[in-house]
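*Asks:* Here it is, the structure, as structure tokens.
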Amino acid sequence: MNGFALLSVILVGAAFAQTSQPAVQSPRDPIRIASLNDGQFRFARGGKHAVYDLQSSISGCHGTLYDGGSGQKLGGSVRVRVLDQTLKAGLWYVLMQVTTNTGCNLQGMCGAGLSEDVIWLKFGAKLKLLTHQAAMVEDCATSTELTRFDGKRIETQGVILETPGGVLSLQSKRDDFEKKTTTVTTVRYDRRMAERGLVVSSAQRPLKP
């Protein structure tokens, strides 16, 4: 998804009253990020704050998780890790990994499965979001699976992506059992060319029996 569906902005105020999860990020990162658990993210730097709605860039559940058997509501669970922050020619570039439950109903299909998205954002002055780009790299509902990446996989947390040397390089595959095809997608980001965003390419091949 190449995104220029630019996003409603909510500055400070009521957004801070919402439940939030701070991003997993380096303490040296100048821009502090938090998930508000509903597909919105709060960005803060140097006394400036902004909230952006990135629901359209998230593959899994960005609403309330619930148990379809008991009816119990469990709240939102949109988790974020910051993979890179780079300042270039007065513009900030941020790369982050967003992890969600694939389904909102934990008892439904893929309710316990996870979705992983990589999101690149370009900020101007005062944290104004100029553009963004997203790539789904793993998703239970669409049989999309990461096949090559730097990092590790933890059963209870999903995939933890890493960017050695400021480079993200990964490959995923998506099996379409009706069309009997497999789509192989590569995603690459390089801090030295942060302005290029995510470089994405895909190729299709017959599904192996």
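Every number here is computed from the coordinates shown, using simple stated rules; none is lab data. Because the structure is predicted, anything quoted here is derived from the model rather than measured. Glycine gets a Cβ as well: all are built from the backbone with ideal geometry, and neighbour counts include every protein chain shown.
*Asks:* Using C-alpha positions alone, give me the convex hull volume of segment 94-209 per residue in cubic angstrom.
*Replies:* 134 Å³
*Asks:* Let me ask another. Put one equal scatterer on each alpha carbon of segment 2-206, apply the Debye formula with no solvent term, and list log10 I(q)/I(0) at q = 0.11, 0.17, 0.19 1/Å to two decimals.
*Replies:* Log-scaled intensity ratios, in q order: -0.52, -1.21, -1.45.
*Asks:* What order do you get for 106, 36 when you list them from fewest to most C-beta neighbours inside 10 Å?
*Replies:* Ordered from fewest to most neighbouring Cβ atoms within 10 Å, 106, 36 come out as 106, 36.
*Asks:* Taking only the alpha carbons of segment 23-66, what extent do you get along each of the three principal axes, in Å, biggest first?
*Replies:* That works out to 35, 19, 17 Å along the principal axes.
*Asks:* Which Rg and Dmax, in Å, describe the Cα atoms of segment 161-209?
*Replies:* 13.9, 41
*Asks:* Another question about this same structure. Let me check I've understood the local charge: for residue 88, count other residues with C-beta under 15 angstrom from its C-beta, Lys and Arg +1, Asp and Glu -1. What total comes out?
*Replies:* +1
*Asks:* Among the lysines in the chain, how many pairs, 8 or more places apart or on different chains, have alpha carbons under 23 Å apart?
*Replies:* Final tally of qualifying lysine pairs is 11.
*Asks:* Quick one: order 109, 193 by neighbouring beta-carbon count within 10 Å, fewest to most.
*Replies:* Least crowded to most crowded, the residues run 109, 193.
*Asks:* Tell me, what is the FRET efficiency for residue 143 and residue 196 to the nearest 0.05, using R0 = 35 angstrom and their Cβ-Cβ distance as r?
*Replies:* So, using R0 = 35 Å, E works out to roughly 0.75.
*Asks:* To the nearest 20 debye, what is the magnitude of the charge dipole of segment 2-206 about its Cα centre, counting +1 on the Cβ of each Lys and Arg and -1 on the Cβ of each Asp and Glu?
*Replies:* Computed charge dipole of segment 2-206: roughly 760 debye.
*Asks:* Next question, about the same structure. Please give me the summed charge of the neighbours of residue 116: other residues whose Cβ is under 12 Å from its Cβ, Lys and Arg +1, Asp and Glu -1.
*Replies:* -1
*Asks:* So, one more: What does a probe at residue 67 reach in segment 100-126, counting residues whose amide N is under 15 Å from the point 7 Å along Cα→Cβ?
*Replies:* So the set is 105-108, 112.
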